[in-house]
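Scroll down for the structure; my scribbles are underneath it.
Each value in this text was obtained by applying a stated rule to the coordinates, not by laboratory testing. If you're wondering where the values come from, they're calculated on a predicted model, not measured in any experiment. Reconstructed Cβ throughout: ideal geometry from the backbone, glycine too, with neighbour counts over all protein chains shown.
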Amino acid sequence: MAEAMKMRATMDGDVVDLKVLINHPMDTGLMKDKKTDKLIPAHFINQVVATLNGKTVLDAQWGVGIAQNPFIGLRIKGGKPGDKISVNAVDNLGAKFDGEVVVA
Amino acid sequence: MNQLRRAFLKNAGTVGTVAIAIATGLLKPVSAFAAAWNSLAFTSKDLADSLKNAGYDGATESSDIVVKAPDIAENGAVVPISATSNIPGTTSMAIFVDKNPAPMVADFTFSNGAEPYMSTRIKMAKTSLVRIAVKAGGKNYINSREVKVTIGGCGG
């Protein structure tokens with residue numbers, strides 16, 4: 001698969017500023033394919049977890065209302081340069097998306 | 001080498017062995033997610049139902065939730081939203097769009113130093129209130145902001 005996730009983590013004062021971009025169509029199941037006139041089945045990321053050095057900092061649930069190629073911005077206290085942040089996401093069809101970044 | 005693997009796979013057929021394997025860290029549990037996906041809340045068709053099913057009902061209006069969103073969104077498919085809660089003890093934050101086919105968009109639960117802040121991009125079917133609901137200290141709070149959606153327009 002092409003690069004599924006792009007991540008950046010930088011220090012902003014004493015807070016880690018985390019930005020995550022995930023490649024995903026986020027199909028709602030309500031749109032029609034213009035060529036075939038058939039509904040495109042729902043296909044969307046519905047759960048996302050972010051950890052800082054193995055400790056969960058975010059546990060999120062999403063519906064179809066998150067835009068295509070989802071973006072997440074977070075701010076985490078207690079991090080420092082060199083810390084490891086990982087993000088794990090799963091979609092409604094069970095596909096998994098994982099990413100990791102070291103705080104710069 | 002392969003014999004060991006075969007023996008393991010054979011033994012792993014029983015549930016007990018798998019449970020032990022998970023307990024000893026031999027196999028990772030399939031999901032790291034704290035709770036199952038709340039399909040009831042995410043498929044509710046009206047705002048009151050989705051707020052209730054997500055556990056954000058009975059919320060007090062609060063301007064301590066700072067909602068950032070554009071006044072006018074030229075493209076409803078990608079609307080940037082961010083919010084910060086200045087209410088002490090905020091543990092989670094959810095996004096609702098009144099006029100979307102399914103109003104509940106997302107629910108973020110923060111822990112271990114994550115600030116009660118999130119930034120993301122949402123879809124909006126049409127001009128609507130965007131509501132940010134927050135759980136803090138066992139109570140619910142909510143604030144909202146209207147975003148005008150001009151589909152195919154030029155920002156006018």
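Mean residue ellipticity, 222 nm, helices only, the protein assembly as shown: the sum of -39500 (n - 2.57) across DSSP H runs of n ≥ 4, divided by residue count and rounded to 500, is -3000 deg cm²/dmol. Once both labels are positioned 7 Å from their Cα atoms along Cα-to-Cβ, the gap between B:LYS52 and A:ASP12 label points is 3.8 nm.
Calculate, in nm to one decimal, what B:VAL66 and B:THR91 gain on full extension: separation in residues at 0.36 nm each, minus their alpha carbon distance. Working shown, then result.
Values: separation 25, 0.36 × 25 = 9.00 nm, distance 1.54 nm.
Here the segment from B:VAL66 to B:THR91 would lengthen by 7.5 nm.
Take each residue of peptide B:76-84, count the partner chain Cβ atoms within 10 Å of its Cβ, and average: the result is 2. Packing order of peptides A:94-102, A:80-88, highest average first: A:80-88, A:94-102 (average count of other Cβ atoms within 10 Å over each peptide's residues).
Spin-label model, A:ASP98/B:ASN75: points 7 Å from Cα along the beta carbon direction are separated by 3.2 nm.
Averaged over the residues of B:118-127, the number of partner chain Cβ atoms lying within 10 Å of the residue Cβ comes to 5.
Mean projection of the alpha-carbon convex hull of the protein assembly as shown over all orientations, in nm²?
On the way: hull surface 73.1 nm².
Over every viewing direction, the Cα hull of the protein assembly as shown projects on average to 18.3 nm².
Averaged over the residues of peptide B:98-109, the number of Cβ atoms from other protein chains lying within 10 Å of each residue's Cβ is 5.
Spacing of the modelled spin labels on A:GLU3 and A:LYS34, each 7 Å from Cα toward Cβ, amounts to 2.9 nm.
Looking at the protein assembly as shown, send over the antiparallel percent of its DSSP beta bridges, to the nearest 5.
On the way: 77 of 81 bridges.
Among the beta bridges of the protein assembly as shown, antiparallel pairing accounts for roughly 95 percent.
Packing-based ranking of A:58-65, A:23-30, B:95-102 yields A:58-65, B:95-102, A:23-30, ordered from highest to lowest mean Cβ neighbour count within 10 Å. Can you tell me how segment B:43-99 classifies by the Cα gyration tensor, rounded, prolate or oblate, using a/c under 1.5 as the rounded cut? Cα axes put segment B:43-99 in the oblate bin.
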